[in-house]
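Written below as structure tokens is the structure these notes are about.
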Amino acid sequence: MTELKRTPLPLPDGFDPKKERLLLHSCCAPCSGEVMEAIHASGVEYAVFFYNPNIHPAKEYEIRKEENIRFAEKHNVPFIDADYDTDNWFARAKGMEFEPERGIRCTMCFDMRFERTALYAHEHNYSMISSSLGISRWKDMQQINDCGHRAAAHYSGLTYWDYNWRKLGGSQRMIEISKREQFYQQEYCGCVYSLRDTNRHRREQGRERIQIGVQYYG
């Protein structure tokens, strides 16, 4: 494995990295790069679980996924490509089309993704789950952690690791790694409603609409 330079993290009480495994839900490569390096430096065996049916359009979804696969393969980290069941996501989002970011639509979206992550972890003998979602300063970490704990609580022996990935320079390293790896730089959260609202804001500022597949770090 390529050497990943990162200070080890304090692991949750009771978690034995010699016997147990972590399933990391990843939303994208820029958010998960620092998290993956931190987990590796901490001696934890883990796999990346990519389940993000909220991402729209399909072109954006494929780019984000392939960037995540590229980074995982570079460091020999198992990558689990889950369903892109967009119909299910839109069904659950019905009636929430005009809810604001960090509102109940986002709670639904986090719940949906964590529920699938927890189910896979339960079925494949992972004892802990976590997510890279919380490293973004645009997200409500308490909202994310509540969803993670709620999903893990359905299964005996499964816990959610609610470590604050922004701490100890994590947010800055996220940007540094993204530039180093020249990751694709997505310009909105992911869903069609986020894309709509972001483009509306850009128009109000006299800026051009988002162009899918164009912007990269570095």
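The values are calculated or read from the model by the stated rules, or taken from the named source; none is laboratory data. As the structure is a prediction and not an experimental result, all values here were calculated from the model. Counting neighbours? That spans all protein chains shown, and the Cβs are built from the backbone with ideal geometry, glycine included.
Could you grab me the full set of residues in region 109-140 that are more than 15 Å from the chain's Cα centre (by Cα), closer than 30 Å to residue 167 by Cα and not in a loop (DSSP other than H, G, I, E, B)?
Residues satisfying the conditions are 119, 120, 121, 122, 128.
Can you name the residue in region 173-187 that is outside any loop (DSSP other than H, G, I, E, B) and of a type in the set (D, E, K, R) and is also surrounded by the most Cβ atoms within 10 Å (Cβ to Cβ) among such residues? Give the steps one after another, and end with the answer.
Filtering region 173-187 for residues outside any loop (DSSP other than H, G, I, E, B) gives 173-181, 184.
Now restrict to residues that are of a type in the set (D, E, K, R): 173, 176, 179-181.
Working: 173: 20, 176: 14, 179: 14, 180: 12, 181: 18.
Once the filter is applied, the top-ranked residue is 173.
Could you please let me know if residue 212 is in a loop (DSSP other than H, G, I, E, B) and either in contact with a Lys or Arg (Cβ under 8 Å, 6 or more places away or on another chain) or surrounded by fewer than 22 Cβ atoms within 10 Å (Cβ to Cβ) (or both)?
yes
Do we have any residue at all in region 158-172 that's among the β-branched types (Val, Ile, Thr) and part of a strand (DSSP E or B)?
Yes, because at least one residue in region 158-172 is among the β-branched types (Val, Ile, Thr) and part of a strand (DSSP E or B).
Could you run through region 188-209 and say how many residues are surrounded by 15 or more Cβ atoms within 10 Å (Cβ to Cβ) and in a loop (DSSP other than H, G, I, E, B)?
4
Every residue, every condition in (1) closer than 17 Å to residue 186 by Cβ; (2) at pLDDT 95 or above; (3) in contact with a Lys or Arg (Cβ under 8 Å, 6 or more places away or on another chain); (4) buried (at least 16 other Cβ atoms within 10 Å of the Cβ), yes or no:
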{"position": "60", "(1), (2), (3), (4)": "yes, yes, no, yes"}
{"position": "65", "(1), (2), (3), (4)": "yes, yes, no, yes"}
{"position": "81", "(1), (2), (3), (4)": "no, yes, yes, no"}
{"position": "94", "(1), (2), (3), (4)": "no, yes, no, no"}
{"position": "105", "(1), (2), (3), (4)": "no, yes, no, yes"}
{"position": "118", "(1), (2), (3), (4)": "no, yes, no, yes"}
{"position": "126", "(1), (2), (3), (4)": "no, yes, yes, yes"}
{"position": "158", "(1), (2), (3), (4)": "no, yes, no, yes"}
{"position": "162", "(1), (2), (3), (4)": "no, yes, no, yes"}
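Of the numbered conditions (1) surrounded by fewer than 16 Cβ atoms within 10 Å (Cβ to Cβ); (2) at pLDDT below 95, residue 134 fails exactly one; give the number of that condition.
In the conditions (1) surrounded by fewer than 16 Cβ atoms within 10 Å (Cβ to Cβ); (2) at pLDDT below 95, residue 134 misses (1) alone.
I'd like the full set of residues that are surrounded by 23 or more Cβ atoms within 10 Å (Cβ to Cβ), of a type in the set (A, V, I, L, M) and either at pLDDT below 95 or under 20 Å from residue 137 (Cα atoms) (or both), limited to region 1-38.
Answer for region 1-38, where residues must be surrounded by 23 or more Cβ atoms within 10 Å (Cβ to Cβ), of a type in the set (A, V, I, L, M) and either at pLDDT below 95 or under 20 Å from residue 137 (Cα atoms) (or both): 24, 29, 35, 36.
Looking at (1) more than 22 Å from residue 109 (Cα to Cα); (2) of a type outside the set (S, T, N, Q); (3) in contact with a strand residue (DSSP E or B) (Cβ under 8 Å, 6 or more places away or on another chain), can you tell me which one residue 175 breaks?
(3)
So, residue 153, is that one buried (at least 20 other Cβ atoms within 10 Å of the Cβ) and of a type outside the set (Val, Ile, Thr) or not?
no
Regarding residue 117, is this residue of a type in the set (Ser, Thr, Tyr) and more than 21 Å from residue 144 (Cβ to Cβ)?
Criteria not met by residue 117.
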